[in-house]
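For reference, the structure I am asking about is given below.
The values are calculated or read from the model by the stated rules, or taken from the named source; none is laboratory data. All of these numbers come straight from a predicted model, not from anything done at the bench. Using ideal geometry, Cβ is built from the backbone for each residue, glycine included, and neighbour counts are taken over all protein chains shown. The accessibility values were calculated without ligands, DNA or RNA, using every heavy atom of the protein model including side chains. Shrake-Rupley method; radii C 1.70, N 1.55, O 1.52, S 1.80 Å.
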Amino acid sequence: MHADLAPYASRVLSQVTVFANTNAINCFLPEDLGDFLRDHPRIRLCLEEQPSPAIIQAVAAGQVEIGVVAAGPGLAGLQTQPYRRDRLVLIVPAGHPLAGRETVAFAEVLAEPFVCLHAGSAIHTFMMNAAARLGGQLDVRIQVRSFNAVCRMVTADVGIGMVPLSSVSPGRGLAIVHITDDWAPRDLQLCIRSRAALGPAAAALFDHLAGKGGAITAGA
């Protein structure tokens, strides 16, 4: 791969376009892309947040080179590679009645006031769709711009939230309740049309991210 990139050493490479879901962008990609760009300072990346179904569609259509999505249906015909393991969990204030529960079904909390990421974020769209499939609608009390802000609002008893486990720092005055729905595990996968069809820069990035697999961990 280093040999393939050598001809481009004297100038900036064509940029690589990556679509990723909210979970990947907020919890894993900052450090992983930072490591990659330190090793390849002349490569430029275009990173865009999208829901997983839209990412899969864009990759299949050749509109984007690399996608980072939640594992699930719709990936047939694409080449995939495991990236990271995570899961969606419910976070509640320490004094909330649900704080003593180990698990909960999403249907049980639809009437609770929620702290959510902003409308248009991939996880906001996912939560709204999950509620609609259950015949309900979320009571969104407030919308914020980051998982850290969701955690802080929940700690302040503004509402409850649903976030990736990797985004929750221990000891924040909130309780973690595991969601029992089958969509809660959020194993992330890389998806591409064809490894052989990637240019040198995109192939280097794909290989770098493919080597970053790991177990679920709570945020530090």
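For the structure I just gave you, tell me whether residue 132 is over 20 Å from the mean Cα position of the chain (by Cα), among the aliphatic types (A, V, I, L, M) and open to solvent by 30 Å² or more (accessible area, probe 1.4 Å).
Details: over 20 Å from the mean Cα position of the chain (by Cα): yes; among the aliphatic types (A, V, I, L, M): yes; open to solvent by 30 Å² or more (accessible area, probe 1.4 Å): yes.
Against the criterion (over 20 Å from the mean Cα position of the chain (by Cα), among the aliphatic types (A, V, I, L, M) and open to solvent by 30 Å² or more (accessible area, probe 1.4 Å)), residue 132 qualifies.
Which of the residues spanning region 56-80 are over 18 Å from residue 16 (Cβ atoms), open to solvent by less than 60 Å² (accessible area, probe 1.4 Å) and part of a loop (DSSP other than H, G, I, E, B)?
Those that are over 18 Å from residue 16 (Cβ atoms), open to solvent by less than 60 Å² (accessible area, probe 1.4 Å) and part of a loop (DSSP other than H, G, I, E, B): 71, 72, 74, 75.
Just one of 171, 213 is open to solvent by 40 Å² or more (accessible area, probe 1.4 Å), among the small types (Gly, Ala, Ser) and touching a Lys or Arg at 6+ places or on another chain (Cβ under 9 Å); which is it? Give the derivation first.
On the way: 171 fails: touching a Lys or Arg at 6+ places or on another chain (Cβ under 9 Å).
Just one listed residue meets the conditions, 213.
Same structure again: For the structure I just gave you, tell me whether residue 53 is open to solvent by 40 Å² or more (accessible area, probe 1.4 Å) and not in a loop (DSSP other than H, G, I, E, B).
On the way: open to solvent by 40 Å² or more (accessible area, probe 1.4 Å): yes; not in a loop (DSSP other than H, G, I, E, B): yes.
So residue 53 fits the description; yes.
Six or more apart or on different chains, Cβ under 9 Å: which pairs go from a residue in region 72-86 that's among the aromatic types (Phe, Trp, Tyr) to one that's open to solvent by less than 40 Å² (accessible area, probe 1.4 Å) and part of a loop (DSSP other than H, G, I, E, B)? Could you list them?
83/28
Pick from region 48-78 the residues that are among the polar types (S, T, N, Q) and at pLDDT 95 or above: which of them is nearest to residue 130 (Cα to Cα)? Quick ask: steps written out before the conclusion?
Here is the first cut: in region 48-78, the ones among the polar types (S, T, N, Q) are 50, 52, 57, 63.
Adding the requirement that they be at pLDDT 95 or above leaves 57, 63.
On the way: 57: 20, 63: 27 Å.
Step by step, filter region 48-78, then rank; the result is 57.
Now a separate question. Filter region 5-29 for residues that are in a helix (DSSP H, G or I), at pLDDT 90 or above, hydrophobic (A, V, I, L, M, F, W, C) and open to solvent by 20 Å² or more (accessible area, probe 1.4 Å) and give the result.
Residues satisfying the conditions are 25, 27.
Among the residues of region 156-168, which ones are touching a residue at least 60 places away in the same chain (Cβ under 8 Å) and surrounded by 17 or more Cβ atoms within 10 Å (Cβ to Cβ)?
160, 161, 162, 163, 164, 165, 166, 167, 168
Among the residues of region 178-211, write down those that are assigned to a helix (DSSP H, G or I) and charged (D, E, K, R). Spell out the reasoning first.
As a first pass, look at region 178-211 and keep what is assigned to a helix (DSSP H, G or I): 195-197, 200-210.
Answer for region 178-211, where residues must be assigned to a helix (DSSP H, G or I) and charged (D, E, K, R): 195, 207.
Also, I was wondering about something else. Can you find, within region 174-190, the residue that is surrounded by the fewest Cβ atoms within 10 Å (Cβ to Cβ) among those that are within 17 Å of residue 68 (Cβ to Cβ) and of a type in the set (D, E, K, R)?
Among those residues, the one meeting the criterion is 187.
Let me ask something additional. Could you identify the single residue in 146, 194 that is touching a residue at least 40 places away in the same chain (Cβ under 8 Å), under 30 Å from residue 77 (Cα atoms) and polar (S, T, N, Q)?
Numbers: 146 fails: under 30 Å from residue 77 (Cα atoms).
Sole residue among the options that is touching a residue at least 40 places away in the same chain (Cβ under 8 Å), under 30 Å from residue 77 (Cα atoms) and polar (S, T, N, Q): 194.
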